[in-house]
Amino acid sequence: MTASPLIPVPIPDRVAALIGSCMPIDILQAEVDADCAAREANRFRGPLCNEDRADREHALSALARANKILAAYNPRLVIGPGGVH
């Protein structure tokens with residue numbers, strides 16, 4: 001976790017835990033799910049076979065589901081397919 005998406009400054013684990021303790025658990029889970037789905041979607045490059053295309057689409061749909069929850073809580077928490085907030 002970083003302080004800003006523009007300037008990657010690491011946040012100590014204790015500070016990240018303190019920030020996380022102020023958020024509802026379903027929002028934290030959605031943030032983790034969105035981050036994992038964005039990484040999974042970016043894993044596929046180049047010409048894709050049918051299986052890879054289906055896996056990428058599944059990752060993108062998981063990202064969309066997680067982003068829907070995040071956007072309802074705070075639109076600034078939405079994670080793009082490139083992993084960018």
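Would you point out the residue of segment 28-85, among those that are of a type in the set (Val, Ile, Thr) and not in a loop (DSSP other than H, G, I, E, B), that is nearest to Ala16 (Cα to Cα)?
Within segment 28-85, the match that is nearest to Ala16 (Cα to Cα) is Val32.
Can you spot a residue in segment 10-24 that is touching a strand residue (DSSP E or B) at 6+ places or on another chain (Cβ under 8 Å) and not in a helix (DSSP H, G or I)?
At the first step, the residues of segment 10-24 found to be touching a strand residue (DSSP E or B) at 6+ places or on another chain (Cβ under 8 Å) are 10-11.
Among the residues that remain, those that are also not in a helix (DSSP H, G or I) are: 10-11.
Looking for residues that are touching a strand residue (DSSP E or B) at 6+ places or on another chain (Cβ under 8 Å) and not in a helix (DSSP H, G or I), one finds at least one in segment 10-24, hence yes.
Within segment 40-58, track down each residue that is within 15 Å of Gly80 (Cα to Cα) and open to solvent by less than 60 Å² (accessible area, probe 1.4 Å).
Ala41, Asn42
Look at segment 10-39 and say how many of its residues are touching a Gly at 6+ places or on another chain (Cβ under 8 Å) and over 13 Å from Pro81 (Cα atoms).
The qualifying residues number 1.
Residues are listed down the side, and each one gets a yes or a no for (1) polar (S, T, N, Q); (2) loosely packed, with under 13 Cβ neighbours inside 10 Å; (3) at pLDDT below 90:
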site: Leu6; (1), (2), (3): no, yes, yes
site: Leu18; (1), (2), (3): no, yes, no
site: Glu31; (1), (2), (3): no, no, no
site: Leu63; (1), (2), (3): no, no, no
site: Ala71; (1), (2), (3): no, no, no
site: Pro75; (1), (2), (3): no, yes, no
site: Ile79; (1), (2), (3): no, no, no
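The values are calculated or read from the model by the stated rules, or taken from the named source; none is laboratory data. Because the structure is a prediction, the values reported are computed rather than measured. Neighbour counts are summed over all protein chains in view; Cβ atoms, including those assigned to glycine, are modelled from backbone coordinates with ideal geometry. SASA here: full protein model, heavy atoms, side chains in, ligands and nucleic acids out. Shrake-Rupley method; radii C 1.70, N 1.55, O 1.52, S 1.80 Å.
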